[in-house]
Amino acid sequence: MLNVAVVGSGPAGLYAAEALVKQAAALPVPVSVRIDVIDRLPTPYGLVRYGVAPDHKSIKSIAQYLRKVLESPDVRFAGGVRLGEDVTRDELLSVYDAVIYATGAMRDRRLGIPGEDLPGSYAATDFVNWYCGHPDMDPGAFTLDAESVAVIGVGNVAVDVARILARDPAELHATDVPQPVLDALYASKVREVHMIGRRGPAYAKFTTKELRELGELPGVEIVVHADEADVNAFDASGEGAALAEGDRRVRGNLVAISKWAKDGGAPPTPTGHSRRLVVRFWLRPVEILGPDRVSGVTLERTAIDASGTFGGTGQFETLNAQMVLRSVGYQSVPLPGVPFDSRSWVVPNAAGRVLGPDGSPLPGEYVAGWLKRGPTGVIGTNKSDAAETVRSLLEDLAGGPGAGDTPLPRPGLLKFPGPDVPAEAQAGDAEADAAGDAADQWPLAAVLAGRGITPVSYAEWLRIETAEADLAEALGRGERVKLHNRDAIWSACRPEGG
(Lines give C-alpha, C1' and ligand atoms only; values in the text may rest on other atoms or scores of the structure.)
Protein backbone atom coordinates (compact mmCIF):
# COMPACT_ATOMS: atom_id res chain seq x y z
CA MET A 1 0.00 0.00 0.00
CA LEU A 2 1.34 3.40 -1.04
CA ASN A 3 0.04 6.21 1.21
CA VAL A 4 0.14 9.67 -0.40
CA ALA A 5 -1.01 13.08 0.77
CA VAL A 6 -2.09 15.63 -1.82
CA VAL A 7 -2.12 19.19 -0.46
CA GLY A 8 -4.76 21.13 -2.37
CA SER A 9 -8.11 19.94 -3.73
CA GLY A 10 -8.30 22.10 -6.84
CA PRO A 11 -7.88 20.77 -10.38
CA ALA A 12 -4.12 20.18 -9.99
CA GLY A 13 -4.52 18.21 -6.77
CA LEU A 14 -7.48 16.13 -7.88
CA TYR A 15 -5.99 15.41 -11.30
CA ALA A 16 -2.88 14.23 -9.43
CA ALA A 17 -5.00 11.95 -7.23
CA GLU A 18 -6.77 10.59 -10.30
CA ALA A 19 -3.50 9.98 -12.15
CA LEU A 20 -2.04 8.22 -9.12
CA VAL A 21 -4.95 5.79 -8.83
CA LYS A 22 -4.96 5.03 -12.55
CA GLN A 23 -1.22 4.85 -13.15
CA ALA A 24 -0.54 2.72 -10.06
CA ALA A 25 -3.12 0.18 -11.26
CA ALA A 26 -1.62 0.17 -14.76
CA LEU A 27 1.95 -0.66 -13.69
CA PRO A 28 3.35 -4.05 -14.78
CA VAL A 29 3.06 -5.01 -11.11
CA PRO A 30 0.00 -3.02 -9.94
CA VAL A 31 0.35 -1.03 -6.73
CA SER A 32 -2.46 -0.23 -4.30
CA VAL A 33 -2.69 3.40 -3.25
CA ARG A 34 -4.50 5.35 -0.59
CA ILE A 35 -4.66 9.11 -1.11
CA ASP A 36 -5.64 11.78 1.39
CA VAL A 37 -6.53 15.07 -0.33
CA ILE A 38 -5.95 17.82 2.22
CA ASP A 39 -7.31 21.35 1.85
CA ARG A 40 -7.33 24.35 4.16
CA LEU A 41 -10.95 25.05 3.15
CA PRO A 42 -13.92 22.85 4.08
CA THR A 43 -14.92 22.82 0.40
CA PRO A 44 -13.10 21.08 -2.50
CA TYR A 45 -12.44 22.02 -6.16
CA GLY A 46 -10.30 25.13 -5.60
CA LEU A 47 -10.22 27.36 -8.65
CA VAL A 48 -13.19 25.61 -10.26
CA ARG A 49 -15.37 26.63 -7.31
CA TYR A 50 -13.76 29.93 -6.36
CA GLY A 51 -12.11 31.20 -9.55
CA VAL A 52 -14.42 30.42 -12.47
CA ALA A 53 -16.98 33.17 -13.05
CA PRO A 54 -20.57 32.19 -12.11
CA ASP A 55 -21.83 32.74 -15.66
CA HIS A 56 -19.37 30.17 -17.07
CA LYS A 57 -21.45 27.10 -16.36
CA SER A 58 -19.70 24.91 -18.92
CA ILE A 59 -16.32 25.44 -17.24
CA LYS A 60 -17.79 25.08 -13.76
CA SER A 61 -19.16 21.69 -14.83
CA ILE A 62 -15.59 20.39 -14.53
CA ALA A 63 -16.48 20.01 -10.84
CA GLN A 64 -18.68 17.04 -11.82
CA TYR A 65 -15.62 15.33 -13.29
CA LEU A 66 -13.50 16.12 -10.23
CA ARG A 67 -16.30 14.83 -8.03
CA LYS A 68 -15.74 11.35 -9.44
CA VAL A 69 -12.13 11.52 -8.24
CA LEU A 70 -13.27 12.24 -4.69
CA GLU A 71 -15.74 9.37 -4.94
CA SER A 72 -12.99 6.87 -5.76
CA PRO A 73 -12.64 4.36 -2.89
CA ASP A 74 -8.89 5.06 -2.90
CA VAL A 75 -9.30 8.81 -2.29
CA ARG A 76 -10.31 10.58 0.89
CA PHE A 77 -11.10 14.30 1.29
CA ALA A 78 -9.85 16.04 4.44
CA GLY A 79 -10.95 19.67 4.49
CA GLY A 80 -10.24 22.39 7.00
CA VAL A 81 -6.62 21.30 7.53
CA ARG A 82 -3.99 24.04 7.17
CA LEU A 83 -0.41 23.18 6.27
CA GLY A 84 1.94 24.94 8.66
CA GLU A 85 -0.72 25.48 11.32
CA ASP A 86 -2.69 22.27 11.81
CA VAL A 87 0.00 20.00 10.43
CA THR A 88 3.61 20.60 9.44
CA ARG A 89 5.54 19.51 6.41
CA ASP A 90 7.72 17.24 8.57
CA GLU A 91 4.64 15.60 10.06
CA LEU A 92 3.24 14.85 6.62
CA LEU A 93 6.54 13.37 5.47
CA SER A 94 6.75 11.23 8.60
CA VAL A 95 3.44 9.43 8.03
CA TYR A 96 3.07 9.37 4.22
CA ASP A 97 5.22 7.70 1.61
CA ALA A 98 4.94 10.83 -0.53
CA VAL A 99 3.42 14.30 -0.49
CA ILE A 100 2.25 16.18 -3.59
CA TYR A 101 1.92 19.95 -3.17
CA ALA A 102 -0.77 21.43 -5.43
CA THR A 103 -1.94 24.68 -3.87
CA GLY A 104 -2.03 26.76 -7.05
CA ALA A 105 -1.35 30.48 -7.34
CA MET A 106 -3.62 32.58 -5.15
CA ARG A 107 -2.06 36.04 -5.13
CA ASP A 108 -2.04 38.81 -7.74
CA ARG A 109 1.17 40.32 -9.01
CA ARG A 110 1.59 43.95 -8.01
CA LEU A 111 1.95 46.84 -10.44
CA GLY A 112 4.69 48.53 -8.42
CA ILE A 113 3.43 52.07 -9.07
CA PRO A 114 2.50 55.01 -6.79
CA GLY A 115 -1.05 54.93 -5.46
CA GLU A 116 -1.43 51.17 -5.77
CA ASP A 117 -2.52 50.86 -2.13
CA LEU A 118 -5.10 53.65 -2.18
CA PRO A 119 -8.64 52.74 -1.10
CA GLY A 120 -10.49 51.74 -4.27
CA SER A 121 -7.47 49.90 -5.70
CA TYR A 122 -7.88 46.13 -5.44
CA ALA A 123 -6.27 42.91 -6.59
CA ALA A 124 -8.49 41.23 -9.17
CA THR A 125 -8.25 38.01 -7.16
CA ASP A 126 -10.08 39.74 -4.29
CA PHE A 127 -12.89 40.74 -6.64
CA VAL A 128 -13.04 37.24 -8.15
CA ASN A 129 -13.07 35.68 -4.67
CA TRP A 130 -15.89 38.04 -3.73
CA TYR A 131 -18.22 37.26 -6.62
CA CYS A 132 -17.37 33.54 -6.34
CA GLY A 133 -18.26 33.49 -2.63
CA HIS A 134 -14.84 32.53 -1.27
CA PRO A 135 -15.11 32.08 2.52
CA ASP A 136 -12.02 34.26 3.05
CA MET A 137 -13.87 37.26 1.61
CA ASP A 138 -16.36 39.47 3.40
CA PRO A 139 -19.55 39.49 1.28
CA GLY A 140 -19.72 43.23 1.93
CA ALA A 141 -16.18 43.90 0.68
CA PHE A 142 -17.37 45.61 -2.54
CA THR A 143 -20.15 48.18 -2.73
CA LEU A 144 -19.61 49.11 -6.41
CA ASP A 145 -20.31 52.80 -5.90
CA ALA A 146 -17.83 53.78 -8.65
CA GLU A 147 -19.25 54.92 -11.99
CA SER A 148 -16.01 54.24 -13.88
CA VAL A 149 -13.75 51.22 -13.26
CA ALA A 150 -10.29 50.52 -14.70
CA VAL A 151 -9.32 46.86 -15.08
CA ILE A 152 -5.58 46.59 -15.62
CA GLY A 153 -4.78 43.56 -17.76
CA VAL A 154 -6.05 41.78 -20.87
CA GLY A 155 -6.06 38.13 -19.84
CA ASN A 156 -9.06 35.88 -19.28
CA VAL A 157 -9.35 36.92 -15.63
CA ALA A 158 -9.51 40.57 -16.67
CA VAL A 159 -12.21 39.68 -19.20
CA ASP A 160 -14.18 37.82 -16.52
CA VAL A 161 -13.97 40.78 -14.15
CA ALA A 162 -14.98 43.28 -16.83
CA ARG A 163 -17.87 41.06 -17.95
CA ILE A 164 -19.27 40.65 -14.43
CA LEU A 165 -19.10 44.43 -13.91
CA ALA A 166 -20.80 45.18 -17.22
CA ARG A 167 -23.36 42.39 -17.35
CA ASP A 168 -27.00 42.90 -16.41
CA PRO A 169 -27.18 41.27 -12.95
CA ALA A 170 -30.57 39.78 -13.84
CA GLU A 171 -28.65 37.37 -16.08
CA LEU A 172 -26.84 36.04 -13.00
CA HIS A 173 -30.06 35.24 -11.15
CA ALA A 174 -29.96 31.53 -12.05
CA THR A 175 -26.23 31.13 -11.30
CA ASP A 176 -24.59 30.15 -8.01
CA VAL A 177 -23.43 33.69 -7.18
CA PRO A 178 -24.03 34.39 -3.45
CA GLN A 179 -27.15 36.41 -2.74
CA PRO A 180 -25.35 39.35 -1.02
CA VAL A 181 -23.09 39.63 -4.08
CA LEU A 182 -26.05 39.56 -6.45
CA ASP A 183 -27.72 42.29 -4.36
CA ALA A 184 -24.57 44.41 -4.64
CA LEU A 185 -24.45 43.91 -8.41
CA TYR A 186 -28.08 45.02 -8.68
CA ALA A 187 -27.20 48.16 -6.72
CA SER A 188 -24.03 48.80 -8.75
CA LYS A 189 -23.42 52.35 -10.03
CA VAL A 190 -20.82 51.18 -12.56
CA ARG A 191 -21.60 52.52 -16.01
CA GLU A 192 -18.21 52.40 -17.73
CA VAL A 193 -15.50 49.73 -17.56
CA HIS A 194 -12.05 50.23 -19.09
CA MET A 195 -9.89 47.15 -19.75
CA ILE A 196 -6.28 48.20 -20.32
CA GLY A 197 -3.36 46.30 -21.84
CA ARG A 198 0.22 47.51 -21.98
CA ARG A 199 0.85 45.82 -25.33
CA GLY A 200 -1.22 45.49 -28.49
CA PRO A 201 -4.12 43.16 -29.29
CA ALA A 202 -1.83 40.57 -30.90
CA TYR A 203 -0.11 40.06 -27.53
CA ALA A 204 -3.23 39.86 -25.37
CA LYS A 205 -3.67 36.61 -23.43
CA PHE A 206 -7.46 36.30 -23.56
CA THR A 207 -9.05 33.58 -25.66
CA THR A 208 -11.33 34.33 -28.60
CA LYS A 209 -14.29 32.63 -26.93
CA GLU A 210 -13.95 34.87 -23.85
CA LEU A 211 -13.58 37.93 -26.04
CA ARG A 212 -16.64 37.19 -28.16
CA GLU A 213 -18.73 36.82 -25.02
CA LEU A 214 -18.11 40.50 -24.29
CA GLY A 215 -19.74 41.44 -27.58
CA GLU A 216 -22.81 39.36 -26.72
CA LEU A 217 -23.64 41.23 -23.51
CA PRO A 218 -27.10 42.80 -23.88
CA GLY A 219 -27.20 46.53 -23.27
CA VAL A 220 -23.40 46.94 -23.34
CA GLU A 221 -21.58 49.03 -25.93
CA ILE A 222 -18.06 47.78 -26.74
CA VAL A 223 -15.49 50.36 -27.85
CA VAL A 224 -11.94 49.85 -29.13
CA HIS A 225 -9.87 52.80 -30.37
CA ALA A 226 -9.25 52.29 -34.07
CA ASP A 227 -5.53 53.08 -33.96
CA GLU A 228 -4.98 50.72 -31.03
CA ALA A 229 -6.73 47.91 -32.91
CA ASP A 230 -4.27 48.31 -35.82
CA VAL A 231 -1.70 45.54 -35.38
CA ASN A 232 1.07 47.72 -36.86
CA ALA A 233 0.21 51.11 -35.35
CA PHE A 234 2.58 51.00 -32.35
CA ASP A 235 4.69 48.02 -33.33
CA ALA A 236 7.52 48.82 -35.71
CA SER A 237 9.09 45.39 -35.23
CA GLY A 238 6.37 43.55 -37.16
CA GLU A 239 6.23 40.92 -34.41
CA GLY A 240 2.53 41.47 -33.77
CA ALA A 241 1.73 41.02 -37.46
CA ALA A 242 3.77 37.82 -37.47
CA LEU A 243 1.81 36.52 -34.48
CA ALA A 244 -1.44 37.30 -36.26
CA GLU A 245 -0.26 35.37 -39.30
CA GLY A 246 0.90 32.28 -37.43
CA ASP A 247 -1.48 32.00 -34.46
CA ARG A 248 -5.13 31.09 -34.99
CA ARG A 249 -6.15 32.43 -31.57
CA VAL A 250 -4.58 35.82 -32.31
CA ARG A 251 -6.34 36.01 -35.68
CA GLY A 252 -9.66 35.23 -34.03
CA ASN A 253 -9.07 37.91 -31.42
CA LEU A 254 -8.23 40.51 -34.04
CA VAL A 255 -11.40 39.73 -36.02
CA ALA A 256 -13.52 40.33 -32.92
CA ILE A 257 -11.63 43.47 -31.94
CA SER A 258 -11.79 44.98 -35.43
CA LYS A 259 -15.61 44.83 -35.31
CA TRP A 260 -15.58 47.13 -32.27
CA ALA A 261 -12.97 49.59 -33.53
CA LYS A 262 -14.19 53.18 -33.68
CA ASP A 263 -13.26 56.69 -32.66
CA GLY A 264 -12.53 56.15 -28.98
CA GLY A 265 -13.18 59.77 -28.15
CA ALA A 266 -16.84 59.56 -29.11
CA PRO A 267 -19.42 59.75 -26.32
CA PRO A 268 -21.65 56.73 -25.60
CA THR A 269 -23.97 56.22 -28.54
CA PRO A 270 -27.70 56.79 -27.97
CA THR A 271 -28.65 53.19 -28.70
CA GLY A 272 -30.16 52.25 -25.37
CA HIS A 273 -26.93 50.77 -23.99
CA SER A 274 -26.89 51.07 -20.22
CA ARG A 275 -23.17 50.40 -19.86
CA ARG A 276 -20.02 50.88 -21.88
CA LEU A 277 -16.95 48.65 -22.04
CA VAL A 278 -13.83 50.25 -23.48
CA VAL A 279 -10.92 47.96 -24.40
CA ARG A 280 -7.61 49.84 -24.60
CA PHE A 281 -4.18 48.72 -25.85
CA TRP A 282 -0.64 50.09 -25.83
CA LEU A 283 -1.08 51.83 -22.47
CA ARG A 284 0.55 51.12 -19.12
CA PRO A 285 -0.43 52.58 -15.75
CA VAL A 286 2.28 54.70 -14.15
CA GLU A 287 0.31 56.12 -11.20
CA ILE A 288 -3.03 55.62 -9.50
CA LEU A 289 -4.35 59.05 -8.56
CA GLY A 290 -6.25 60.33 -5.56
CA PRO A 291 -5.46 62.06 -2.28
CA ASP A 292 -7.60 59.75 -0.12
CA ARG A 293 -9.02 57.17 -2.53
CA VAL A 294 -8.82 56.35 -6.23
CA SER A 295 -9.95 59.14 -8.55
CA GLY A 296 -8.07 58.26 -11.73
CA VAL A 297 -5.15 56.52 -13.41
CA THR A 298 -2.26 58.07 -15.30
CA LEU A 299 -1.47 56.00 -18.39
CA GLU A 300 1.59 56.15 -20.64
CA ARG A 301 1.49 55.25 -24.32
CA THR A 302 3.77 52.30 -25.09
CA ALA A 303 5.28 51.02 -28.31
CA ILE A 304 7.73 48.51 -29.76
CA ASP A 305 10.51 49.98 -31.91
CA ALA A 306 12.07 48.43 -34.99
CA SER A 307 14.64 46.57 -32.88
CA GLY A 308 11.89 44.89 -30.87
CA THR A 309 12.41 46.95 -27.72
CA PHE A 310 9.25 47.63 -25.72
CA GLY A 311 8.88 50.82 -23.67
CA GLY A 312 7.05 54.01 -22.90
CA THR A 313 6.83 56.87 -25.38
CA GLY A 314 6.52 59.74 -22.92
CA GLN A 315 2.94 60.46 -23.99
CA PHE A 316 0.49 60.41 -21.07
CA GLU A 317 -3.25 60.54 -20.52
CA THR A 318 -5.41 60.51 -17.43
CA LEU A 319 -8.32 58.13 -17.14
CA ASN A 320 -11.17 59.07 -14.83
CA ALA A 321 -11.90 56.06 -12.59
CA GLN A 322 -13.05 55.57 -9.02
CA MET A 323 -11.98 51.93 -8.81
CA VAL A 324 -8.95 50.02 -10.12
CA LEU A 325 -8.77 46.24 -10.36
CA ARG A 326 -5.27 44.88 -10.97
CA SER A 327 -5.16 41.73 -13.11
CA VAL A 328 -1.60 41.37 -14.38
CA GLY A 329 -0.94 37.76 -13.40
CA TYR A 330 -1.00 35.37 -10.47
CA GLN A 331 1.75 34.30 -8.08
CA SER A 332 2.05 31.26 -5.88
CA VAL A 333 2.82 31.78 -2.22
CA PRO A 334 5.46 29.82 -0.31
CA LEU A 335 4.31 26.85 1.76
CA PRO A 336 5.78 26.61 5.28
CA GLY A 337 9.01 24.63 5.13
CA VAL A 338 8.74 23.76 1.42
CA PRO A 339 11.49 24.99 -0.94
CA PHE A 340 10.41 28.01 -2.98
CA ASP A 341 11.98 30.04 -5.78
CA SER A 342 11.07 33.67 -5.06
CA ARG A 343 12.23 34.74 -8.53
CA SER A 344 9.97 32.46 -10.55
CA TRP A 345 7.37 32.05 -7.77
CA VAL A 346 7.25 28.27 -8.02
CA VAL A 347 8.52 25.29 -6.06
CA PRO A 348 11.80 24.30 -7.74
CA ASN A 349 11.33 20.94 -9.39
CA ALA A 350 12.39 18.53 -12.09
CA ALA A 351 9.44 16.76 -13.74
CA GLY A 352 7.48 17.34 -10.53
CA ARG A 353 10.20 16.20 -8.11
CA VAL A 354 10.79 18.94 -5.52
CA LEU A 355 14.43 20.05 -5.53
CA GLY A 356 16.42 20.99 -2.45
CA PRO A 357 18.92 23.87 -2.13
CA ASP A 358 21.64 21.75 -3.78
CA GLY A 359 19.42 20.98 -6.77
CA SER A 360 18.86 17.34 -5.80
CA PRO A 361 15.36 15.82 -5.53
CA LEU A 362 14.01 15.63 -1.99
CA PRO A 363 12.77 12.13 -1.06
CA GLY A 364 8.99 11.80 -1.13
CA GLU A 365 8.17 15.40 -2.14
CA TYR A 366 6.44 16.33 -5.38
CA VAL A 367 4.59 19.30 -6.87
CA ALA A 368 1.89 19.80 -9.49
CA GLY A 369 -0.10 22.59 -11.16
CA TRP A 370 0.64 26.29 -11.05
CA LEU A 371 2.85 25.83 -8.00
CA LYS A 372 5.00 23.62 -10.25
CA ARG A 373 5.05 25.49 -13.56
CA GLY A 374 3.64 28.96 -12.89
CA PRO A 375 0.19 30.33 -13.83
CA THR A 376 0.07 29.12 -17.42
CA GLY A 377 -2.38 27.11 -19.47
CA VAL A 378 -6.05 26.36 -18.87
CA ILE A 379 -7.69 24.12 -16.28
CA GLY A 380 -7.23 21.06 -18.48
CA THR A 381 -3.47 21.69 -18.71
CA ASN A 382 -3.23 20.49 -15.13
CA LYS A 383 -4.19 16.98 -16.20
CA SER A 384 -1.07 16.27 -18.26
CA ASP A 385 1.00 18.22 -15.76
CA ALA A 386 -0.24 16.01 -12.90
CA ALA A 387 0.33 12.86 -14.95
CA GLU A 388 4.00 13.80 -15.36
CA THR A 389 4.42 14.36 -11.61
CA VAL A 390 2.77 11.03 -10.81
CA ARG A 391 5.01 9.19 -13.29
CA SER A 392 8.00 10.60 -11.41
CA LEU A 393 6.51 9.54 -8.08
CA LEU A 394 5.81 5.98 -9.20
CA GLU A 395 9.21 5.66 -10.82
CA ASP A 396 10.79 6.67 -7.49
CA LEU A 397 8.56 4.70 -5.11
CA ALA A 398 6.92 1.85 -7.02
CA GLY A 399 9.51 0.62 -9.46
CA GLY A 400 8.55 2.22 -12.67
CA PRO A 401 8.07 2.81 -15.38
CA GLY A 402 11.51 4.33 -15.81
CA ALA A 403 12.97 6.07 -18.83
CA GLY A 404 13.80 2.78 -20.58
CA ASP A 405 10.62 0.93 -19.65
CA THR A 406 7.42 0.47 -21.62
CA PRO A 407 5.56 3.76 -21.13
CA LEU A 408 2.16 3.91 -19.50
CA PRO A 409 -0.84 4.55 -21.72
CA ARG A 410 -1.63 8.20 -22.01
CA PRO A 411 -3.80 9.53 -19.13
CA GLY A 412 -6.98 9.79 -21.17
CA LEU A 413 -6.95 6.05 -21.91
CA LEU A 414 -6.55 4.93 -18.30
CA LYS A 415 -9.65 3.95 -16.35
CA PHE A 416 -10.30 3.84 -12.64
CA PRO A 417 -9.67 0.28 -11.40
CA GLY A 418 -12.80 -1.58 -10.36
CA PRO A 419 -16.41 -0.38 -10.52
CA ASP A 420 -17.41 3.22 -9.95
CA VAL A 421 -18.55 3.86 -6.39
CA PRO A 422 -21.54 6.19 -5.90
CA ALA A 423 -21.17 9.22 -3.64
CA GLU A 424 -23.41 7.83 -0.93
CA ALA A 425 -21.47 4.59 -0.62
CA GLN A 426 -18.09 6.32 -0.67
CA ALA A 427 -19.17 8.93 1.84
CA GLY A 428 -20.31 6.34 4.38
CA ASP A 429 -21.34 7.44 7.80
CA ALA A 430 -20.49 11.14 8.13
CA GLU A 431 -19.82 11.14 11.83
CA ALA A 432 -17.53 8.12 11.87
CA ASP A 433 -15.73 9.30 8.75
CA ALA A 434 -15.22 12.83 10.05
CA ALA A 435 -13.92 11.59 13.39
CA GLY A 436 -11.14 9.71 11.63
CA ASP A 437 -11.57 6.67 13.89
CA ALA A 438 -9.94 4.30 11.43
CA ALA A 439 -6.33 5.25 12.06
CA ASP A 440 -5.09 2.97 9.29
CA GLN A 441 -7.07 5.05 6.80
CA TRP A 442 -6.05 8.43 8.20
CA PRO A 443 -2.32 8.57 9.01
CA LEU A 444 -2.59 12.01 10.65
CA ALA A 445 -5.43 11.03 13.00
CA ALA A 446 -3.29 11.13 16.14
CA VAL A 447 -1.61 14.43 15.27
CA LEU A 448 -4.87 16.21 14.42
CA ALA A 449 -6.80 14.70 17.32
CA GLY A 450 -4.14 15.94 19.71
CA ARG A 451 -4.76 19.45 18.40
CA GLY A 452 -8.53 19.16 18.57
CA ILE A 453 -8.92 19.17 14.77
CA THR A 454 -11.46 16.98 13.00
CA PRO A 455 -11.03 17.12 9.21
CA VAL A 456 -14.08 17.83 7.09
CA SER A 457 -15.08 14.61 5.38
CA TYR A 458 -16.54 14.15 1.92
CA ALA A 459 -19.88 13.33 3.51
CA GLU A 460 -19.83 16.66 5.33
CA TRP A 461 -19.02 18.43 2.06
CA LEU A 462 -22.14 16.81 0.59
CA ARG A 463 -24.13 18.48 3.38
CA ILE A 464 -22.81 21.84 2.15
CA GLU A 465 -23.88 20.98 -1.39
CA THR A 466 -27.35 20.07 -0.13
CA ALA A 467 -27.63 23.31 1.84
CA GLU A 468 -26.72 25.31 -1.27
CA ALA A 469 -29.32 23.48 -3.33
CA ASP A 470 -31.92 24.12 -0.63
CA LEU A 471 -30.99 27.81 -0.56
CA ALA A 472 -31.39 28.08 -4.34
CA GLU A 473 -34.84 26.52 -4.11
CA ALA A 474 -35.85 28.89 -1.29
CA LEU A 475 -34.68 31.89 -3.32
CA GLY A 476 -36.09 30.64 -6.62
CA ARG A 477 -32.63 30.69 -8.16
CA GLY A 478 -31.18 27.90 -10.30
CA GLU A 479 -29.62 24.67 -9.03
CA ARG A 480 -27.55 26.08 -6.19
CA VAL A 481 -26.62 29.35 -4.48
CA LYS A 482 -23.31 29.46 -2.65
CA LEU A 483 -23.30 29.94 1.10
CA HIS A 484 -21.73 33.35 1.41
CA ASN A 485 -19.48 33.14 4.47
CA ARG A 486 -17.44 30.77 6.59
CA ASP A 487 -20.00 30.59 9.41
CA ALA A 488 -22.77 29.54 7.01
CA ILE A 489 -20.54 26.89 5.47
CA TRP A 490 -19.55 25.42 8.80
CA SER A 491 -23.11 25.49 10.08
CA ALA A 492 -24.22 23.47 7.06
CA CYS A 493 -21.28 21.15 7.33
CA ARG A 494 -21.62 20.51 11.07
CA PRO A 495 -25.03 21.59 12.25
CA GLU A 496 -24.29 20.07 15.63
CA GLY A 497 -21.24 22.34 16.00
CA GLY A 498 -17.55 21.51 16.13
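Just a few scattered comments:
- Protein-only accessible surface order, largest first, of 310, 142 at 1.4 Å: 310, 142
- By the helix-only formula, in which each DSSP H run with n ≥ 4 contributes -39500 (n - 2.57) and the sum is divided by residues, the chain has a 222 nm mean residue ellipticity of -9000 deg cm²/dmol.
- Fraction of accessible area attributable to carbon and sulfur, region 96-210 (%, probe 1.4 Å): 50 percent
- Sorted peptide list for 380-386, 474-480, 359-365, criterion being average Cβ within 10 angstrom, highest first: 380-386, 359-365, 474-480
- Antiparallel bridges, percent of DSSP beta bridges restricted to the chain (to nearest 5): 35 percent
- Sparsely packed GluC sites (Glu not before Pro) within region 33-96, loop by DSSP, other Cβ within 10 Å at most 13: 85
- Applying a length cut-off of 20 Å (Cα extent along the axis) and a mean Kyte-Doolittle floor of -0.5 to the DSSP H helices of the chain leaves 11-26, 458-475.
- Applying a threshold of 26 Å to the alpha-carbon distances of 57/383; 22/372; 60/189; 68/205; 60/262; 209/415 flags 60/189; 68/205; 60/262; 209/415 as lying beyond it.
- The listed residues 106, 137, once ranked by accessible area (1.4 Å probe) with the largest placed first, stand as 106, 137.
- For region 191-324: rounded, prolate or oblate by the Cα gyration tensor [a/c cutoff 1.5]: oblate
- Cα centroid of region 157-225 to Cα centroid of region 48-122, whole Å: 24 Å
- Accessible area in square angstrom per residue, region 43-170, 1.4 angstrom probe: 33 Å²
- Carbon/sulfur fraction of accessible area - region 218-361, other protein chains in place, 1.4 Å, %: 53 percent
- Accessible area of region 1-40 belonging to carbon and sulfur atoms, whole % at 1.4 Å probe: 55 percent
- Highest-first arrangement of 211-217, 453-459, where packing means the average Cβ count within 10 Å: 453-459, 211-217
- Cα gyration tensor shape of region 274-336, rounded if a/c is under 1.5, else prolate or oblate by comparing a/b with b/c: oblate
- Gain upon complete extension [residue 306, residue 191; 0.36 nm per residue less C-alpha separation]: 37.5 nm
- Subtracting the Cα-Cα distance of residue 236 and residue 171 from their residue separation scaled by 0.36 nm leaves 19.1 nm.
- For the peptides 315-322, 147-154, 16-23, the ranking by packing is 16-23, 147-154, 315-322, with the highest mean count of neighbouring Cβ atoms within 10 Å listed first.
- Across region 357-368, computed HN-Hα scalar couplings (Karplus, 6.51 cos²θ - 1.76 cosθ + 1.60, θ = phi - 60°) run x, 8, x, 8, x, 8, x, x, 10, 9, 9, 9 Hz from first to last residue, x flagging Gly and Pro.
- Cα gyration tensor, the chain - rounded (a/c under 1.5), prolate or oblate: prolate
The values are calculated or read from the model by the stated rules, or taken from the named source; none is laboratory data. Just so it is clear, the structure is predicted and the values come from calculations on it, not from any experiment. Glycine gets a Cβ as well: all are built from the backbone with ideal geometry, and neighbour counts include every protein chain shown. Quick note on the areas: whole protein, heavy atoms, side chains included, nothing else; ligands and nucleic acids left out. Shrake-Rupley method; radii C 1.70, N 1.55, O 1.52, S 1.80 Å.
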